Amino acid sequence: MTQAPIRLTVNGRIQDVTAERQTPLLYVLRNDLGLNGPKYGCGLGECGTCTVLIDGTAARSCVIPISGCAARDIVTLEGLGTRDKPDVVQQAFIDEQAAQCGYCLNGMIMTTKALLAINPQPTEQEALAALRYNLCRCGTHVEILRAVMRASGQLAEVRD
């Protein structure tokens, strides 16, 4: 296999990388661009830890070759907000303490961001359906659902 230059737009910045065309996007994001939000989980696109937004749609970066990503807008967890000014979805996950080990958080947050872009006020059932293919081993599902509802503006009460 031969390597080729590919121009990607990641988190609003143009990135020129050289890799084999079938290299998974996840590998380029983590290894070449140093973006550690998306995680390697199953390598089969089934667990959701590698989720990124491609043109606003949640996508599993471990199974998407970079050759299909040129001229597309890719957003990783790092592209949503900053430590000082987190995105509304990131802040909701913080406020609801929706993490235990944290491994699933990237996928949960990125999937929530994509959901809220097309359905700003989902029902709990719609949120559960959107997140159903994101695996959480620690069992923080209640807090994750509360975070989704908080990010959508439908959870106003303050935690004790």
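The values are calculated or read from the model by the stated rules, or taken from the named source; none is laboratory data. Since this is a predicted model, take the numbers as computed values, not measurements. Please note: Cβ atoms are built from the backbone with ideal geometry, for glycine as well, and neighbour counts cover all protein chains shown. Only protein heavy atoms, including side chains, enter the accessible area calculation; ligands, DNA and RNA are left aside. Shrake-Rupley method; radii C 1.70, N 1.55, O 1.52, S 1.80 Å.
To the nearest ten degrees, helix 105-118 and the longest principal axis of the Cα atoms of the chain are 80 degrees apart.
Among the listed values (i) -0.43, -0.86, -1.04; (ii) -0.35, -0.82, -1.08; (iii) -0.35, -0.76, -0.95, the one matching log10 I(q)/I(0) by the Debye sum over Cα atoms at q = 0.10, 0.15, 0.17 Å⁻¹ as calculated from this structure is (iii).
Which Cα, out of ALA127, SER61, ALA114, lies furthest along the positive dipole direction of segment 61-127 (beta carbon charges, K/R +1, D/E -1)? Of the candidates, SER61 comes out farthest on the positive side. To the nearest 10, the accessible area of SER67 is 40 Å² with a 1.4 Å probe.
Couplings for segment 8-15, taken from phi via the Karplus curve 6.51 cos²θ - 1.76 cosθ + 1.60 with θ = phi - 60°, read 10, 10, 10, 6, x, 10, 7, 10 Hz in order; Gly and Pro are left as x.
How many percent of the accessible area of the chain is carbon or sulfur, using a 1.4 Å probe?
Values: 4360 of 8710 Å².
Roughly 50 percent of what the probe reaches on the chain is carbon or sulfur.
Take ARG72: with every protein chain present and a 1.4 Å probe, its accessible area is about 90 Å².
Assigning unit charges at the beta carbon (Lys, Arg +1; Asp, Glu -1) and nothing else, what dipole magnitude in debye, to the nearest 20, does the chain show about its Cα centre? Please report the intermediate quantities before stating the final value.
Details: 15 positive and 16 negative charges, 64 e Å.
So the magnitude is around 300 debye.
Charges were assigned to the Cβ only: +1 to each Lys and Arg, -1 to each Asp and Glu. The resulting dipole of segment 37-101 about its Cα centre is roughly 200 debye. Couplings for segment 137-152, taken from phi via the Karplus curve 6.51 cos²θ - 1.76 cosθ + 1.60 with θ = phi - 60°, read 7, 8, x, 8, 4, 5, 5, 5, 4, 4, 5, 4, 5, 5, 4, 7 Hz in order; Gly and Pro are left as x.
Between amide H atoms placed 1.01 Å from N, distances below 5 Å from THR9 occur with GLN15, ALA71, ARG72, ILE74, all of them 5 or more places distant or on a separate chain.
Solvent exposure of TYR40, expressed as accessible area, is near 110 Å², computed with a probe of 1.4 Å over the protein chains only.
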